[in-house]
1. Of everything in region 401-441, what is farther than 20 Å from His37 by Cα and either in a loop (DSSP other than H, G, I, E, B) or not acidic (Asp, Glu) (or both)? Give them in sequence order.
2. Determine which member of the set Phe389, Phe380 is farther than 17 Å from Lys14 by Cα and modelled with pLDDT of 95 or more.
3. Would you confirm, using the coordinates I've provided, whether Ile198 is under 25 Å from Tyr50 (Cβ atoms), β-branched (Val, Ile, Thr), open to solvent by less than 30 Å² (accessible area, probe 1.4 Å) and in contact (Cβ under 8 Å) with a residue 24 or more places away in the chain?
4. Among the candidates Val643, Val608, Val631, single out the residue that is open to solvent by 10 Å² or more (accessible area, probe 1.4 Å), assigned to a strand (DSSP E or B) and either in contact with a helix residue (DSSP H, G or I) (Cβ under 8 Å, 6 or more places away or on another chain) or not aromatic (Phe, Trp, Tyr) (or both).
5. Would you confirm whether any residue within region 168-181 is at pLDDT 95 or above and within 25 Å of Met285 (Cβ to Cβ)?
6. Mind checking whether some residue in region 478-493 is within 16 Å of Thr548 (Cα to Cα) and touching a Gly at 6+ places or on another chain (Cβ under 6 Å)?
7. In region 231-257, which residue that is small (Gly, Ala, Ser) and outside any helix (DSSP H, G or I) is farthest from Met285 (Cα to Cα)?
8. Only one of (1) assigned to a helix (DSSP H, G or I); (2) touching a helix residue (DSSP H, G or I) at 6+ places or on another chain (Cβ under 9 Å) fails for Ala497. Which number is that?
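The values are calculated or read from the model by the stated rules, or taken from the named source; none is laboratory data. A quick note: this is a predicted structure, and the numbers were derived from the prediction, not measured. Cβ placement follows ideal geometry from the backbone for every residue including glycine, while neighbour counts extend to all protein chains displayed. Heavy atoms of the whole protein, side chains included, go into the accessibility calculation; ligands, DNA and RNA do not. Shrake-Rupley method; radii C 1.70, N 1.55, O 1.52, S 1.80 Å.
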Amino acid sequence: HHRSRRCAGNKLMKGFIGTANIDTNSRLCMASAVAGHIRAFGEDVVPCTYDDLDNADLIILVGSNTAWCHPVVWQRIEAARQARGTKLVVIDPRRTETAQGADLHLAIRPGTDTALFNSLLAHMRDTAGLDADYLAAHVTAPEAFWDSITDDAAACDIPAEALAAFYALFASHPRTVTLFSQGVNQSIRGTDKVNAIINLHLATGRIGKPGAAPFSITGQPNAMGGREVGGMASTLAVHMGFSAAERDRAQRFWQSPAIAPAPGLKAVEMFDAIADGRIKAVWIMATNPVVSLPDSDAVRAALAACPFVVVSDCVGRTDTSAFAHVKLPALGWGEKDGTVTNSERRVSRQRGFLSAPGDARPDWWIIAEVARRMGWQSAFDFPDQAAIFAEFAAMTRFENHGTRLLHIEAPADYDAMTPFLWGGAQPFAAGDFPTPDGKARLVITMPEPIDDDPALPLRLNTGRYRDQWHSMTRTGLSPRLSQHRREPLVEVHPEDAARFGLHENGLARVSTASGSSIYRVDIDNGQRRGEIFVPIHWTDQTASLGRTGRLPGRGRDPISGQPGFKNTPAAITAVTPDWTGFLICEDEPVAPPCDHWTKIRIASGWLVELAGSGDPEALLALLPPGEHAEVHDRRRGVMRGVVMTAGAIKAALFIARDNSLPGRDWLITQLAAPQASSNELLAGRPATPAADRGPIICACFDIGLKTIIRAIAEHRLTSVEAVGAAINAGTNCGSCRPAIAGLVKAEQQLTDS
């Protein structure tokens, strides 16, 4: 996701083709934060750095499973808590592993973030907790603002004592960082949620000071870099909008024949325009909208009807590339060379360490070649990515007389560039903001509307798993990363499971007004009653009906255009197949001929979970040629088949009507290093059982749950660090550290009792 692609693409579209119909993945992850920053500060500026996490006395995580989604940031938070006793509050409807380690967890009703922060602001106002001097000197407010700040905390559905504890922590810890992510942004009122958080920090003077700031943490690599160059349809370039003066300035800088007259179509609107024929050609680069956009079946239909679809990707087969008329081979992350910007505005060089495979080329080169062949040779005569960065940096400075904080000097030696911050460590330290009057703005916010539907009695939340990234086009190729969650699960509170007749490890269909998908049931006390959670990752490449993008509706934030993925009315029903089974095979299988299947990478092959109705005999066709050994018990509904070649297992198929299936782990080891007889393989277990290591907890070192529990008990380990020293678990990426901490705590409680 390097800056050079987005920079060249934005210049081509807005300055030469003359349309702003170009949008980036930020529309799905950060658009509401961008809109909130602009409304409050006048510019898309994150007002702090990671150092503020080290200096804070209170960190509030809002809508962020930080331990899973930002494990390096999480380790920094852990270090700050250990070093200075920093308090941690987690605001999330789910009791995630992040929430389990917090000083306070507020499991608010989805969509009530604005009510919570407005209520806290009302409390601070009523208890003399505002910074009157800061407000007078550095902040303006609309006339009705303070009348709009009322106590609506009852809407959040949290215990009064938890609310009081939150208020007390906030009042007594002025060094507060509020870190917010997708639970805030991915909402049909996400911009108002962002501004409710910023309002609180402005009114209490908790901004522009060490350890005090609202901190938007991005959900995409280089999301800020894409925003800086103008990759979004709602901005022109380098933090400029579409005023006449800004359009004139951009056109003169680019020396272009045209300039986009107004903001373009945002992502969801763009596919609406493709569907109704207003857009007849689309170029999709490094993204998978058939999976990631809401109401994704409609996106699929739009692409199917589009006269010309171009897909640039480093992966040959995705749900989106199936609709391409032209496929362009782009470079992958390790093959690219360029710059990125992280969540704290730090620009850094990314240097490729792999050579370009085959005919693959950098995205910026592909864009420049297209532009040159359209007749704009001199404007896109970039010899390398350094030239693109130099032009971008020059554009940030062009006629920028302190009106925009985005102001970058290109280094004399691009190759030797070291990371640097634009805007400084505390861009608002002096209380000056890039607005016409130099003051920040308080913004009136509105609560998220509630659309109750008796036919859809649950609220659907969606999100990431710890070891997967988005649509699994790359992380799904890793057997190690695929072990944490082998299937997409729907997490359901026990009372809801009983209410809807669901059983642990059974199947369930989740339905919304947009569509339906099928998931494995995980009954979890960490879910709020009346709410369910599913992952975003599985695609039509990896499941028959596991694509979560089918479920969220088309509702989006009226200001940012960001879709609401976190709070969709839904229903759930049990799915009871005639039989269940699984296939382990060396070569990737074709789509199985059954009602439900999911597919995941394992060591040396693939694991396919199966379920269906009728006679499963047709599944035997999935087995490859070789020496077959089979067992059929039609009375019990059992069917097992193993294929060997020269003593090595090639595939194993297990089907049962009563779900009496063997475990998968030992059979998977036989695919990688066969040592068993055909009888053992058909039995699904060795004659001498090996130690059970349990589900994988630490993916980096391939360490299972039971292995960790045994180590804690045998060596009397009392901390995550001690576990790491003994068996390495938790010492690399750190995303499993909360789970290990929970195991240590459970063992201590067991010992104490």
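1. Across region 401-441, the qualifying residues are His401, Glu409, Ala410, Pro411, Ala412, Asp413, Tyr414, Ala416, Met417, Thr418, Pro419, Phe420.
2. Answer to the check: Phe389.
3. Values: under 25 Å from Tyr50 (Cβ atoms): yes; β-branched (Val, Ile, Thr): yes; open to solvent by less than 30 Å² (accessible area, probe 1.4 Å): yes; in contact (Cβ under 8 Å) with a residue 24 or more places away in the chain: yes.
Answer is yes for this residue.
4. Val631
5. Checked region 168-181: at least one residue is at pLDDT 95 or above and within 25 Å of Met285 (Cβ to Cβ).
6. yes
7. Per the stated criteria, the residue is Ser243.
8. (2)
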